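*Asks:* Pasting in a structure now, in structure tokens, and then I'll have a few things to ask.
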């Protein structure tokens, strides 16, 4: 799950290169992980300068969050479903 800020201008990313590992997972996409344990931090769409942050990093914000969108729904594992109704977008 990710927190998607409305605009990336609201996001200031300061990375400690000793603690964070980044790599380009696909064309135009950068992913960042905590180098010690591998916790996913964010993905960054380079062309749009858009960030999606790991929602679990913000427990106070997500405790009352409404999850209303599922991306790549056609690739979702069969072992879970959200209880609430969501908009579903497939990979194609």
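The values are calculated or read from the model by the stated rules, or taken from the named source; none is laboratory data. Here the structure is a predicted model, which means the values were calculated and not measured. Ideal geometry is used to build each Cβ from the backbone, glycine not excepted, and the neighbour counts take in all protein chains shown.
*Asks:* Can you find a residue that is over 13 Å from the mean Cα position of the chain (by Cα), part of a helix (DSSP H, G or I) and modelled with pLDDT under 90 anywhere in the stretch 38-53? If you could, list the steps in order and put the result at the bottom.
*Replies:* In the first step, residues of the stretch 38-53 are kept if they are over 13 Å from the mean Cα position of the chain (by Cα); the result is 38, 46-49.
Applying the additional criterion that residues be part of a helix (DSSP H, G or I) yields none.
Looking for residues that are over 13 Å from the mean Cα position of the chain (by Cα), part of a helix (DSSP H, G or I) and modelled with pLDDT under 90, one finds none in the stretch 38-53, hence no.
*Asks:* So which residues in the stretch 46-57 are in contact with a helix residue (DSSP H, G or I) (Cβ under 9 Å, 6 or more places away or on another chain) and surrounded by 12 or more Cβ atoms within 10 Å (Cβ to Cβ)?
*Replies:* Here is the first cut: in the stretch 46-57, the residues in contact with a helix residue (DSSP H, G or I) (Cβ under 9 Å, 6 or more places away or on another chain) are 48-51, 55-56.
Matches in the stretch 46-57: 50, 51, 55, 56.
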